[in-house]
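Structure record follows, encoded as structure tokens.
The values are calculated or read from the model by the stated rules, or taken from the named source; none is laboratory data. Note that this is a predicted model, so its numbers are computed, not measured. Cβ placement follows ideal geometry from the backbone for every residue including glycine, while neighbour counts extend to all protein chains displayed. Protein only, heavy atoms only, side chains kept; ligands, DNA and RNA dropped before computing areas. Shrake-Rupley method; radii C 1.70, N 1.55, O 1.52, S 1.80 Å.
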Amino acid sequence: MLNLGNDHSPAKQKSPLIQWLRTTLELENARIQARVRGNHLHILCESDPCPAQLTLLRRLLPALQQTPLTHLLPANHPPIYQLFLYGRRSGQPRPDWGATIHPDQLDQQMAHLNAMLAA
């Protein structure tokens, strides 16, 4: 497991991924953590109230289409096949929600998200 840190680390220790997530997700008062397990990237967003799942997906999916994950991870890192995005209220032991993102299916996932938002 590779711990990519969280956004409460000192600025010089924040990974490019954490910095990118902070900007992309636009979460002012939330804590963001990222870990890699094998070829899976786990991202936890924690705040009070819990961050809204659809809002985060609406921000993250298009950003993933624009920015390859290989630019945000350490050099020679194996490819990421799945991302797991979680949201929880501050201080809670378990996420309130979770979403799976497949980097090779971003167009389909964007279409599904847009259909959900339009409903």
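Taking the condition of being over 21 Å from Val36 (Cβ atoms) and in contact (Cβ under 8 Å) with a residue 40 or more places away in the chain, how many residues in the stretch 108-119 meet it?
4
So Ala75 clears everything in (1) at pLDDT below 95; (2) small (Gly, Ala, Ser); (3) under 14 Å from the mean Cα position of the chain (by Cα) except one condition, right? Which one?
Ala75 satisfies every listed condition except (3).
If you go through the stretch 25-44 one residue at a time, do you hit one that is touching a Ser or Thr at 6+ places or on another chain (Cβ under 6 Å) and either free of Cβ contacts under 8 Å to residues at least 40 places away in the same chain or among the acidic types (Asp, Glu) (or both)?
yes
From the list Gln92, Gln66, which one is under 20 Å from Ile18 (Cβ atoms), modelled with pLDDT of 90 or more, open to solvent by 50 Å² or more (accessible area, probe 1.4 Å) and not basic (Lys, Arg)?
One residue alone meets the criteria, Gln66.
Modelled with pLDDT under 95, of a type outside the set (Ser, Thr, Tyr) and within 19 Å of Thr100 (Cα to Cα), is that true of Leu17?
So Leu17 fits the description; yes.
Which members of the stretch 76-100 meet the condition of being among the polar types (S, T, N, Q) and either over 16 Å from Ala52 (Cα atoms) or part of a strand (DSSP E or B) (or both)?
Residues satisfying the conditions are Asn76, Gln82, Thr100.
Return the pair list, or none, for Cβ contacts closer than 8 Å from residues in the stretch 68-86 that are without any contact (Cβ under 8 Å) to a residue 60 or more places away in the chain to residues that are aromatic (Phe, Trp, Tyr) and not in a helix (DSSP H, G or I), at least 6 apart or on different chains.
Pairs found: Tyr86/Trp97.
Is one or more of the residues making up the stretch 49-57 surrounded by 15 or more Cβ atoms within 10 Å (Cβ to Cβ), touching a strand residue (DSSP E or B) at 6+ places or on another chain (Cβ under 9 Å), closer than 17 Å to Ala99 by Cβ and small (Gly, Ala, Ser)?
Checked against the condition, which is being surrounded by 15 or more Cβ atoms within 10 Å (Cβ to Cβ), touching a strand residue (DSSP E or B) at 6+ places or on another chain (Cβ under 9 Å), closer than 17 Å to Ala99 by Cβ and small (Gly, Ala, Ser), the stretch 49-57 yields no hits at all.
Being in contact (Cβ under 8 Å) with a residue 40 or more places away in the chain and part of a helix (DSSP H, G or I) is the requirement here; does Arg58 meet it?
yes
Hey, could you check the stretch 20-37 for residues that are in a loop (DSSP other than H, G, I, E, B) and modelled with pLDDT of 90 or more and say which is nearest to His71 (Cα to Cα)?
Result: Glu26.
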